[in-house]
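Here, each number is a calculation from the coordinates, and none is a lab measurement. In this text the structure is predicted, and so the values were computed from the model without any measurement. Note that we place each Cβ from the backbone using ideal geometry, even for glycine, and neighbour counts take in every protein chain shown.
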Amino acid sequence: MLDVNKTTGAPPVIRREDYSPPDWLVPDISLDFRLGAERTIVRATLQVRRNGSHRRPLLLNSEVEAIHRVTLNGEPVNYWYEDQVLRVPIEGESATVETEVRIAPRANTQLMGLYESNAMLCTQCEAQGFRRITPFPDRPDVLSRYKLRMSGDKALYPVLLANGDLVASGEGEGGTHWAEWHDPFPKPCYLFAMVAGDLVANRDTFTTMSGRKVDLGIWVRAGDLPKTAHAMASLKAAMKWDEEVYGREYDLDIFNIVAVDDFNFGAMENKGLNIFNSRYVLADPDTATDADYDAIAGVVAHEYFHNWSGDRVTCRDWFQLSLKEGFTVFRDQSFSADMGSHAVKRIEDVKMLRAAQFPEDAGPLAHPVRPDSYIEISNFYTATVYNKGAEVIRMMHTILGPERFRAGTDLYFSRHDGQAVTCEDFVKAMEDASGVDLSHFRLWYSQAGTPRIKARLVNRTEGVHVALEQEVPPTPGQPVKQPMPIPLRIALLDEATGRPTDERLIVLDKASDEIALDGAPARPVLSINRDFSAPVIVETDRSAVDLAFLSAHDDDPFARYEAMQQLMLDTLTAAVSTGGADHAPVIEAVRQTLTDANLDPAFIAEAVLLPSESFIGDRMAVVDPEAIRARREALRADLGRTLEPLWRDAYRAHVANRYAYNPAAKGARRLKTIALGYIAATGAPDAAALAKRQYDESDNMTDRQGALGVLVNGYSAERDAALQAFYERYRTNGLVLDKWFTTQALSTRDDVLDQVEALAGHPDFTLANPNRLRSLVAAFSVNQRAFHDASGRGYRFLADMILAEDKLNPQTAAKLVPPLGRWRRFDEGRAALMRAELERMVATPGLSKDVFEQASKSLA
Ligand code: B3K
Ligand code: ZN
């Protein structure tokens, strides 16, 4: 139901400045669940305590099917239920409030609260799902100790799990059984979880740094057990890493993970009982790609790390979401870098930031890392809060250095253990532990928009200087910006020898500045924002020659990659605006990289890939999807043809013998398939056969999906045969079938829209499963050329899907809106068509506030 302002008809806006502490605390809660998929009865006993001196009633958020009973200190009470809030008048300073309600897990298509997925019952409470289970003050600064009892049919639900420790279990009447779980750590209700289902566990143990043994379990359906080894190895590695790098020890005797097929996002860090989208648990070489393996390790680590950064120290209110998410993403990125290649991981993280966060920061949905207002908090689990938030933490790490940063996190955890705190508390702990003043730095939390830096070298009589300017663009609600403190790692490379000067860190904190660089060589070339030290866009006056030089010599791997990307981007944007450009510098630079025997194949693979079509579009005043596609394909074909012998060498050199999952084998697989793509781009007559052979002979999903991804862009018989074979082989494996949908949605063929529309009518397509929906619809919306078809068909398709999904699952529907909000970046014809779809959505009766917020803000 849409809670609306009675005069304007719009749903209410929640503002950060309106925060006030809770009127009532709930130190203890006991829950009793009588489980059933059709109906579950929930009884809750809340011990409540007045917080401060006021006479206000106890307010409980409640979005349940039916409220059966409410009592106060054992007596019936005159409660009042309106606008999904249950108000209980209380005279004394403390009381016992009991409620009994009914909920309907099977009818819960929103997948928030208690719901059914594949015959299992499971929960999702963050951010505001607990109110769909039982009436409660559903806000993260109300922390409670939980006791839970659940009972249900033993045959349907042989396994009963919840947060904390199992304290008792037994048999009940009529084929039922029960279990009691107590969680000793006070927690906000968004971390509540329970699961009932027919599951088996991969069990293991971990001995903590103080010698305590922790029982680990990864719970899945029986047939999936062989696919849990990688998740378990990742979990143990993460537990060890958090002890070594942050001094954080696990605190309960049990840590469980449960895999669920129907899940709104990646996974959830509930205390002691993480619930995961099965795509971030299940893997074997036949069904999961290297990217899947890496993502599993990253997400398992992320959720585990939340045990401290999120659970032990949680958020005061939802505006502080980046307190736990930005910090935890930084922690998982650092973990994955330590487990593999720092250089490649940094490149991947920056690619992700540029693909998801930069466009958000440049569009109508731009918001600060710590937002000021929201209509629906689910819409703020964004790349800004997560990925830019992680960059903000990383910049503090860079400015303070690793030792002082660690002193800061130690202080943060000890000072705030068991509390619900703010981003400000985190920065304050960093300041207090390091003695470094971060007052100006706080702007990174409050100002939205990606800063743009202009940097150039200037010769002064005293020597070489770097001249810097910054500009932070206006964003909704923030027309004028202050200059930000921007940490930039800088070095100069000697054009004669290729040698770098010592790297130095400068912090640009004014609108413009000029900084002397000592010890400059005679012919210096600027290497800046090394390791991507700040999440900014850097413009320089470096020539194609300079960029090619850096792409061959820069000693910072990220800067080296970046020089090549910049060279490619400059070439492609020139080609799009003038209709043609000199490809030679790019071809030479790629040749150099491909033949540099000192480089790791995984790095080469990243370096030789052209920037994506959307990234090219992001750098243009008006995006021209057709021209971008045409010019990018022309450069790809030219690179393919001119360097064909090198691509064929690279292909042959990296045809792996047998599958192994390690950095070297992963890099070889990646470079091999990229080389295959370039061979196909030449139009070579044997390309389809080569790809089909890779498809047929591969012993792993990375190679198989890679081959399919190359074939799907062409018109060969091999393409149809491989797509058919893939479908037949994996039709019963939902996660792999998602790849089949995605690969087709990303095709560069002209008829992709027809294909996508047909796939939406495929019997295996469903709106009920968020993974499947995203595999087709979200994937299609990033296929720039196809989605932005001048007819507007792509826009209509997306809007139809959003409206259909909104009826089932508003949270997941709303996540699909942002591509339509980019209309300002396109020509008038496309902009009008995109706006028309947004207007159609906003005018739809019964629209959720989730989609309303995204669509109405996108129109503004
Ligand atoms: N904290 C959850 C995300 C919940 C999203 C709610 N809309 C997973 C994570 O970031 O670890
Ligand atoms: Zn998280």
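Computed quantities for the displayed model
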item	result
Gained length - ALA637 relative to ALA552, 0.36 nm times residue gap less alpha-carbon distance	28.4 nm
Inter-probe distance in nm under a simple model that places probes 7 Å from Cα toward Cβ, at GLU539 and ALA804	4.3 nm
Loop sites in segment 92-198: GluC sites (Glu not before Pro), DSSP, at most 14 other Cβ within 10 Å	GLU93, GLU173
Helix axis angle, 828-842 relative to the chain longest principal axis, alpha carbon, degrees	10 degrees
Lys/Arg +1, Asp/Glu -1 at C-beta; the chain dipole; positive extreme among ILE486, LEU443, ILE275	ILE275
Net charge dipole size for segment 567-665 [Lys, Arg +1 and Asp, Glu -1 on Cβ; Debye, nearest 20]	340 debye
Distance between modelled label sites at ASN662 and GLU17, nm, 7 Å Cα→Cβ extension	5.9 nm
Between segment 239-292 and segment 584-636, the alpha-carbon center distance in angstrom	35 Å
Additional length obtainable on full extension of the chain from HIS54 to MET620, 0.36 nm per residue less Cα span	198.1 nm
Using alpha-carbon coordinates, inclination of helix 625-642 to the longest axis of the chain, degrees	50 degrees
For GLY449, distant residues with modelled amide H under 5 Å away	HIS367
Residue-by-residue Karplus 3J(HN,Hα) for segment 558-565, coefficients 6.51, -1.76, 1.60, Hz, glycine and proline x	5, 5, 5, 4, 5, 4, 5, 4
Cβ-derived FRET efficiency at R0 60 Å, GLU462 paired with GLU697, nearest 0.05	0.40
Listed residues GLY52, LEU635, ALA804: farthest to the positive end of the dipole of the chain (Cβ charges)	ALA804
Label zone at ARG69, where the point sits 7 Å out along the Cα-to-Cβ direction: segment 92-109 residues whose backbone N lies under 11 Å	98-101
Cα-centred dipole magnitude for the chain, charges only on beta-carbon of K, R (+1) and D, E (-1), debye, nearest 20	540 debye
ASN733/GLU243 FRET efficiency (R0 45 Å; Cβ-Cβ; nearest 0.05)	0.80
Relative contact order (%) - criterion: Cα under 8 Å, at least six apart; region: the chain	8 percent
For a label point 7 Å along the Cα-to-beta-carbon line of TRP80, residues of segment 56-70 with backbone N under 18 Å	56-62, 70
Positive-end residue, the chain charge dipole about Cα centroid, Cβ charges, pick of ALA162, VAL586, THR475	THR475
Degrees separating the helix 402-416 axis from the principal Cα axis of the chain, which is the longest one	10 degrees
Segment 179-270 - share of DSSP beta bridges that are antiparallel (%, nearest 5)	60 percent
Within segment 502-609: Cβ-based charge dipole about Cα centre, in debye rounded to nearest 20 (Lys, Arg +1; Asp, Glu -1)	260 debye
